[in-house]
Amino acid sequence: MRKKIVILGGGMAALSAAHELTDYPGWQDHYSVTLYQMGWRLGGKTATGRGPHGRIEEHGIHILQGWYDTTFRLFRQVYEERARRGLDPGSPLKDLFRDGLVANDTTLLTTEERSDHWTSWPLIFPRTEELPGTAGPLPPWALIRKGMALLLEFVMGSPYGKDANPLERLILAHFFPNYGPAPRGWRGWLTGAMGLLLRSSRKVIPKGYQRLLDAFHEAHADFSDDDYDHHRRLLRSLGDFLEEHDDRLYAGLSAHPRLERIILFLTFGYYLLKGILDDVYDPTTRSFNFDAIDRYDFREWLRRQEAPDYLLNSVVVRFFYTGTFSNLVNDRGGALAAGSALQFLIQSIGYKGSFVYQMRYGTGDTLVMPLYQLLKARGVTFRFFQRVEQVHYSDSGRMERITLQRQVDLVGEDYDPAIVLADGLSAWPATPRYEQLDPEQAQRLLAATIDLEDPWADWQGVGTYTLELGTDFDEVVLGIPVGCLPTICPEIIERVPAWRKMVDRVATTPTQAAQLWMKVTLRQLGFKAYDWGLPLSGGAPNVVVYEDPMYSWLDSSLVLPHEPWPADHCPRFVAYFTGPYLLSEPLPPFTDHGYPVRELAEMGRAFRDYLDRYMAFFWPLAYTDPGVFNAMLLHGPAPTATAEERYAYQYLRVNVRPTDQYTLSLPDTDQYRLRPGGSGFANLFLCGDWTDFGLNVGYIDGAIQSGIQAGQALRKAANLGGHKENWAPVHRPRAADPEMELPVA
């Protein structure tokens, strides 16, 4: 008899679980799959909608990094199977890499040089020949070795900057084959070139640089001995140089930005390698245990390695905190688990192709819609407008009851969520397709501007119902974010200590996002790629800024040709912003229906102040008066729109909903995460970036890995096998947890 599987939630983890469950020949002989989703669209934090003039409205900045092998494997397969099945033949998205993605090799780090001045460090990541998703990540030692080589590029800076000298251009030719030919025998030549560079800076760098040259020579030498011994020699050479001249290295470097970059990156690489060898790698078992340092904050762990304050407070270290939305957790510059941060860095070194891939279309268009189309074609049933109210506790050791709210009634049997744009693209609308809803209910929703994705909405739904074990379901996959569990799983949290500790310790943070459409180009705003050390192509600014809270902005103008603006009223540049968000007031009960509007207004005021105060560093021509952003440069609803109307026309969102918040990787919390197959209930499986899936950082690849693990755990429980390889880093096995035991009735 076929089992009935229900999936609660429609984010990327839940969709990946559905894909995994249906990715085996004959799966229909064993079970059916039904997914329940609140509102009218899928994707969770990767959901997008099409707003006025078909413009793309995102949850925040979404990019794919070249080391997201699990993500790329999934979507390469989705696009290939979608083509084989002939799904959506009119879509312009046929091939993932050709039609959906654009490589971006650049990242700009900015730092405060003085209290009134910023400076920028461009990082240009060399392309590799591989494409992501064709194989899993390299072993840790191989990644570390690659990282030491990549360090050379960061030390030398951008090859595209106008002030790169001939020696630097020659050195960087090795890392950028398209830039110029590298000399033969580059390893020995590179050592000599580094010597010339350091000698040219002898006023700041001590003359005794031979140890540093030895370190670079060791990093690039062929070796046949043990990795541990080799890296110990490398560490010794680099460490001797840094420690011998520690009192002189950083003195006066503020007047030498290039040398400051050299010292910071060399120091960073040294203390990372030292920490790995001392605290993470066990030469006896030849294994890495990143869990051993997760009880420390990343800065705290570096400090335990005796790293200097100038490194701990640098933009290099700060980048890890901003990249994980953890920079505003406290008043000490943030909190981030050291083991997770270190794994994140090491894995990212293994990127393939380009370090970053931007999407030509919205994230929902490029990723979520093709995945939905494929799952539906495979036979997955989707139930939209179903809000989970309660996942009830049962002392039988199995889930027995789930209560849901039916938000609206449909006109027909099924709901078709897609709209089709003029170019044939199937996309998600920013609001429900009201013509498919009960007319009277649709009219009420429109009149009161009710958002069915908003838990604070003044809408009671049209009824509740209960799914029963054995009748409506046999197995359950819970893919709803951890911030929602106190609301939908209070009975379980009250009775199972492990669940209580998880929701108490695994924290989340609200985030904020803004999208600005401009009448003028980025260059007309005063940003010149050449001046910033960026290539003229393949290098849209991907900027990590010095000032909180909007720590990042991205030139997303590549989406404009795929937004159907009128030909005579089309923006010429669009920038996306994102960052963590500090609540202006604590989250109120869901009966406080005006809360989201108040918080969005507060965020909008703060963002306008941010534009006035800080963006002149990047867009100097956008300011007619000092400290006042010229809002008339914003694209508006009409050419005659006022400044206020233009501000109101942009897209801002504050992600305070529990479903939208970002899962943090705080120190000493990994142990409290439940694993996808470790809920404590025999028929309940978990997925999401809040679970213990291996590399516990909030990112799309982790959510997908968690969904795959949940699907495989369910199939294993049903004695079904033949699973694909799991590419997630796996934590060490846990001992039996008595707190997971269910209380006796």
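Less than 14 Å Cβ to Cβ from GLY698, Lys/Arg counted +1 and Asp/Glu -1: what total charge do the surrounding residues give? Working shown, then result.
Working: positive: LYS45, ARG673; negative: ASP660, ASP670, ASP689, ASP692, ASP701.
For residues surrounding GLY698, the net value is -3.
Using the number of other C-beta atoms within 10 angstrom as an exposure proxy, rank ILE124, ILE263 with the fewest first. Display every interim value, and only then the final one.
Working: ILE124 26, ILE263 23.
Ranked by crowding around the Cβ, least crowded first: ILE263, ILE124.
With +1 on the Cβ of every Lys and Arg and -1 on the Cβ of every Asp and Glu, and nothing else charged, how large is the dipole of segment 546-624 about its Cα centre, in debye rounded to the nearest 20?
On the way: 5 positive and 11 negative charges, 30 e Å.
Dipole of segment 546-624, to the nearest 20 debye: 140 debye.
Show the residues, 5+ positions off or on another chain, whose built amide H is closer than 5 Å to the amide H of ILE7.
Amide H to amide H, under 5 Å and 5 or more residues apart or across chains, ILE7 pairs with THR34, LEU35, TYR36, VAL477.
Find the centroid of the Cα atoms in segment 437-456 and in segment 388-402, then give the distance between the two in whole Å.
Cα centroid to Cα centroid, the span is 30 Å.
Which value in Å is the Kirkwood Rh of segment 1-70 over different Cα pairs?
Computed over segment 1-70, the radius equals 14.4 Å.
Just to confirm a number: summing +1 for Lys and Arg and -1 for Asp and Glu over residues other than ASP365 whose beta-carbon lies under 13 angstrom from that of ASP365, what do you get?
Details: positive: ARG41, ARG50, ARG55, ARG360; negative: GLU57, GLU58, ASP88, ASP99, ASP423, GLU563.
That works out to -2.
Find out how many positive minus negative residues lie around PHE473, taking Lys and Arg as positive, Asp and Glu as negative, among other residues whose Cβ is under 11 Å from that of PHE473. Could you put the intermediate results ahead of the total?
Numbers: positive: LYS3, LYS4, ARG398, ARG401; negative: GLU400, GLU468, ASP472, ASP474, GLU475.
Charge balance near PHE473 sits at -1.
Take TYR68, TYR595 and order them by how many other Cβ atoms sit within 10 Å, fewest up front.
Values: TYR68 26, TYR595 18.
With the sparsest Cβ surroundings first, the list reads TYR595, TYR68.
What are the residues whose amide H is under 5 Å from the amide H of LEU437, where those residues sit 5 or more places off or on another chain and H is modelled from the backbone?
The answer is VAL411.
Each reported figure results from applying straightforward, stated rules to the coordinates on display, with no laboratory input. Remember, it's a predicted structure, so these values are computed and weren't measured experimentally. Positions of Cβ are backbone-derived with ideal geometry, glycine not excepted, and every protein chain shown enters the neighbour counts.
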